[in-house]
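Visitor: My questions all concern the structure below.
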Amino acid sequence: MKKVFTPQQKAAVALEAIKGDKTISQIASIHEVHPIQVQQWKKIVSENVFSLFSDKRRKEGKSEQQIIDELYRLVGQRDMEIAWLKKKLQI
């Protein structure tokens, strides 16, 4: 039967592995997890810990200029669609 761990349990195991007080094998045997799984959880936490301190109010990915350009493109597209509809409705 497959054992299912909650996110809190995974985080606790990963943090214990990051601390380095015990070996991965010791941690795995205490929590009844395969050592490779402990290493994977440790890697996930290590790679994503920076996101805890990122500014969530600021949208990452697109810059303000990219958003403005996309909005101008959409407005232009809508203007063309409206002009086409006006032309077709007059016939």
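Visitor: How large is the charge dipole for the chain, taken about the Cα centre, if only the Cβ atoms of Lys, Arg (+1) and Asp, Glu (-1) carry charge, to the nearest 20 debye?
Guide: That gives the chain a dipole magnitude of about 320 debye.
Visitor: Over the C-alpha atoms of the chain, what are the Rg and the largest Cα-to-Cα span, Dmax, in Å?
Guide: Cα-based Rg and Dmax for the chain come out at 25.9, 81 Å.
Visitor: Next question, about the same structure. Output the pairs from K2/K62; K3/K43; K3/K42; K2/K22 with a Cα-Cα distance over 29 Å in this structure; if there are none, say none.
Guide: Checking Cα-Cα distances, K2/K62 exceed 29 Å.
Visitor: Explain nothing, just the number: relative contact order of the chain, from Cα pairs under 8 Å at least 6 residues apart, as a whole percent.
Guide: The normalised contact order for the chain reaches 21 percent.
Visitor: Cut-off 19 Å, label point 7 angstrom out along Cα-to-Cβ of I67: give me the residues of region 29-56 whose amide nitrogen falls inside.
Guide: Answer for this model: 54-56.
Visitor: Which value, in debye to the nearest 20, describes the size of the charge dipole of region 1-54 about its Cα centre when Lys and Arg Cβ atoms bear +1, Asp and Glu Cβ atoms bear -1, and nothing else is charged?
Guide: Roughly 120 debye, rounded to the nearest 20.
Every read-out reported here was derived from the displayed coordinates using simple, explicitly stated rules and does not represent laboratory data. Remember, predicted model here, so these are calculated numbers, not experimental data. Positions of Cβ are backbone-derived with ideal geometry, glycine not excepted, and every protein chain shown enters the neighbour counts.
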